Structures are given as structure tokens and as C-alpha cells.
Amino acid sequence: MKKIKKLLLIFLILPIFLTSCSLPGLGGNTKTSVVVATGSNTERQILGEIVKQMIEHHSDIDVSLITNLSSSVLNHIAMLKGDVNIVGAMYTGTALSGELGMDPIKDPKEAEKVVMQEYYKRWERYWYPSFGFDNTYAFMVTKKFAEENKLKKVSDLEKIKDKLEVGVDTAWIKREGDGYKAFKEIYGFDFKTIYPMDIGLVYTALASGEMDLVLGYSTDGKISSYDLVVLEDDKRLFPPYDCSPVLSKAIVEKYPELETIMMKLVGQISSKDMQELNRQADEDLEMPKIVAENFLKKHKYFEDVKVDENKIKEYKELVEGGKNV
């Protein structure tokens, strides 16, 4: 019990400590250059590199990258302290329940609108429209199993629910809001056989035939590696986790061209794209920098994407004025 209390005390004190001093390892100068924060996981590192390399390709701005911030909270604090002025990847669902302290919102458009407006109102940050994908919990099966049982969405599982061997993330079983209890309430059925597992093991268990259905993450690289099929969450059990870059108002005012560069990326990275990029890094062991570079070269750094000035104006009216455009 003493050990638990000690850990809780450390957890409570950590945010206070971090807000009173600069974070370790942050060497960029946000007064004279752009500093992009990523994270410790593959996806955030790839997206941070995409943002960095897009800026370098389309401008003469000096850009540096910080990769040692392991969570959304640390990215948030780093921006509060002025140690970074861009976060390469943030997620709507995480922001709502995390730094904004709000209830989950199931509608993706509404969730994005609320996050955009709250981020600007509270901290003068521009949360740009999504890259084009969200990374959330997702039920998945093998392609063969989906074809044999005519599975496209989660509701389709009801007809075979008693025959399924199901592997899920251990934490999901008792998770509030979008866990197993909520699943049964929203979809109206449960599974006869369900196995709590480490999230990292569900994909191999599915691919090897030990499980018929598993719960994983929608942009995991193993989905592409094992040719898995992600079932549509047709009753919206899981809140949306649409991914976007976030920039401080100050850095956009200093370098207005950043706005157009970020808008070039809107809707350009699908869930399948992100799965493949993650696979290249996690399975093929390519460096995130190289993965990002190859992706951008393939798409010619989105040079052909024309950014409509009216769209930028509408976006800023939505964010700054709180208007429902």
C-alpha cells in the first residue's frame, strides 16, 4: 500500500514539476526556429518527420525535431512552456479526455470541432483538420475469415458470436465508457469465449489461427503485414481519435506559410496508408525519417495540392470565432 501511495504521489507531482522547469532534452530555439515535437512511438515519429520535411521542402524555415516526449500530456506541457511550437500528431479522443478534461464525443466531426475551438480558446493553438485517419481500438479478422462469414462491420458478428474465439486487450475488459460492458450495451450481444491478452500478442494470435477475432489498434502495422480486415464500428462504440498536427498561434503568425503547408496534408494519409507506414518502421525496421521521406517523395511532397484560401478563411472562422461553419 505504501508503494502504491508513493507512485500516486509521484504521478500527481510530475505535472507540477514539469510546468515549473524546462523539459530535458529540448534543444530547439522556438524564438528563432520551428521545433516539432513527436513522441516515443513509431506513428508519432513518422508523422513528426512528415511535418518537418514538408516544412523544409516548401519553405526556407529552420526546423528541428524533438522525439523524447512519450505522451500527449508531455507534448502539451512542452508547448505550454514554449519548448516546442508544433506537435506533429495529436488525437481528438485523447485530447478530449486528457488535457481538455471533457467527456468523450462519439461523432467525429463534432469531436474535431470541439477540440479545435477549445485548443484555440484555452491556449491559442491551431489544431488543423485531420491527416485523414484515426487511430482507435478496432475489431479485426483475417481476410479469409471475413470472406467466409461475410463480415464487414461489427454488427455482423452477432450471427456467429457463440462460435468465436475472441482475444482482446486486457485493459479493455474493465475499461469504462468504451469497454466490454459498453460493447454489450451498444451492440446488444456478447461473446461466449473471450480471452484477455497483451495488445502486442493479439495480431499473431489471429494470424496463426488461435483466435477468430481480436481487438487491436486501427493503424497498427501488423494489420498490413498479416493482411487483416478491420471491421467497421457501425454503432460507434469507440470515440474517434482523428489525428492532426497542432501549431502555436505565435509560430503561424511568424511564418504564415506554415498554414498552407499544413493544409496540404489535410486528408492525405488514410488509415491504410498509416498502417503501411507503421509496418515499414516496425516490421521492416526502416527509420521513421526514411519512411516519411519515401512517402513524401512518392506523393511529390503534395506540390500539386492546391490550398483554397476560402477554406483557410472558413477554418479560421470556425476555430477563432467558434462559428459552426
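The values are calculated or read from the model by the stated rules, or taken from the named source; none is laboratory data. Bear in mind the structure is a predicted one, so any value in this text is a computation, not a measurement. Because the Cβ atoms are built from the backbone with ideal geometry, glycine has one as well, and the counts that use them run over all protein chains shown. SASA here: full protein model, heavy atoms, side chains in, ligands and nucleic acids out. Shrake-Rupley method; radii C 1.70, N 1.55, O 1.52, S 1.80 Å.
Listing for the model above:
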| quantity | calculated |
| --- | --- |
| Low-density loop positions, chymotrypsin sites (Phe, Trp or Tyr not before Pro), region 149-216 - DSSP coil, at most 15 other Cβ in 10 Å | Phe189 |
| Apportionment of accessible area to carbon and sulfur, region 211-306, percent (1.4 Å) | 47 percent |
| DSSP-defined beta bridges in the chain - what % are antiparallel, rounded to 5 | 50 percent |
| Surface/4 of the Cα convex hull for region 171-244, nm² | 5.7 nm² |
| Charge dipole (debye, nearest 20) of region 40-151; +1 at Cβ of Lys and Arg, -1 at Cβ of Asp and Glu | 260 debye |
| Extension gain (nm, one decimal) between Glu314 and His57, 0.36 nm per residue minus Cα-Cα | 89.9 nm |
| Of all DSSP beta bridges in region 121-253, antiparallel share, percent nearest 5 | 60 percent |
| Mean shadow area of region 43-93, taken as a quarter of the surface of its Cα convex hull (nm²) | 3.8 nm² |
| Whole-angstrom Cα spans of the chain along principal axes, big to small | 61, 56, 42 |
| C-alpha center-to-center spacing [region 182-198, region 58-76] in angstrom | 38 Å |
| Solvent exposure of the chain as accessible area per residue, Å², 1.4 Å probe | 50 Å² |
| Portion, in percent, of the accessible area of region 43-187 that falls on carbon or sulfur, probe 1.4 Å | 46 percent |
| Linear extension gain, Ser33 paired with Glu158, 0.36 nm per residue minus alpha-carbon span | 39.6 nm |
| MRE, 222 nm, helices only [DSSP H, n ≥ 4, -39500 (n - 2.57), over the chain, to nearest 500] | -13000 deg cm²/dmol |
| Residue-count net charge about Lys144 - beta-carbon cut-off 14 Å; Lys, Arg +1, Asp, Glu -1 | -2 |
